[in-house]
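Reading through the structure tokens given below for one structure.
The values are calculated or read from the model by the stated rules, or taken from the named source; none is laboratory data. Bear in mind that the values here come from a model prediction, so they are computed numbers and not experimental data. Here the Cβ positions follow ideal geometry from the backbone for every residue, glycine too, while neighbour counts run over all protein chains shown. For accessibility, only protein heavy atoms count, side chains too; no ligands or nucleic acids. Shrake-Rupley method; radii C 1.70, N 1.55, O 1.52, S 1.80 Å.
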Amino acid sequence: MRITTGKYRNRKLFFPKGIRPTQEKARKAIFDILGDIHGLSLLELYAGSGAVGFEALSRGIGELTFVECNHSAILAIKRNIALLKAQSCNLYYLDAHKAVKLLAQDKKRFDIIFFDPPYHEDMAKKILQTLEAYDILAPNGLIIAQHAKAELLPENNLKFSLIKEAKYGDTWLSIFRQKE
């Protein structure tokens, strides 16, 4: 897996066995949707290899936070941080739900929250509900959920509205914004 654009373009990333990485086409779509991310903050839940976060770092994201609970994925992210000599990265070795609660307690807020949980057990819907319960999305921030086609996410809930969907085979990207 390679970084596609920016400062670290064409750099290969380490990637743990047994995970489903965000494919290049989906990563390109994410950043086409986001546009200029220079200086913003990004939280990547269920980070895996951290490919989306490292792509964001390559494109100028200001602060990057990874959350992952798989040991081999944590090791891959640490290797990728070292490989890129990335200074502005935070890494939490925690379950995503616990991490969101901890980040809220620490009064952290993010301009972009991206998550790509394993495609089963309605995990995308559950983490979206957790994000709704804790105030970690910055005003005008975006949530980007990568999920299986079979897992439908609510278009509207109490706190977030679906503003865009993009489909790539069995992978869907659902983009939410906080309601005003």
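This table checks each residue for (1) over 16 Å from the mean Cα position of the chain (by Cα); (2) modelled with pLDDT under 90; (3) under 22 Å from Thr22 (Cβ atoms); (4) of a type in the set (A, V, I, L, M).
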site	(1), (2), (3), (4)
Leu131	no, no, yes, yes
Asn140	yes, no, no, no
Glu151	yes, yes, yes, no
Leu158	yes, yes, no, yes
Leu162	yes, no, yes, yes
Asp170	yes, yes, yes, no
Ser174	no, no, yes, no
Arg177	no, no, yes, no
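Scanning region 156-180 for residues that are outside any strand (DSSP E or B) and open to solvent by 70 Å² or more (accessible area, probe 1.4 Å) returns Leu158, Asp170, Lys179, Glu180.
Applying the condition of being out of contact with any strand residue (DSSP E or B) (no Cβ under 8 Å at 6 or more places or on another chain) and without any contact (Cβ under 8 Å) to a residue 24 or more places away in the chain to region 72-96 and asking which residue is nearest to Arg109 (Cα to Cα) yields Gln87. Apart from one condition, Thr4 fits all of (1) surrounded by fewer than 19 Cβ atoms within 10 Å (Cβ to Cβ); (2) part of a helix (DSSP H, G or I); the exception is (2).
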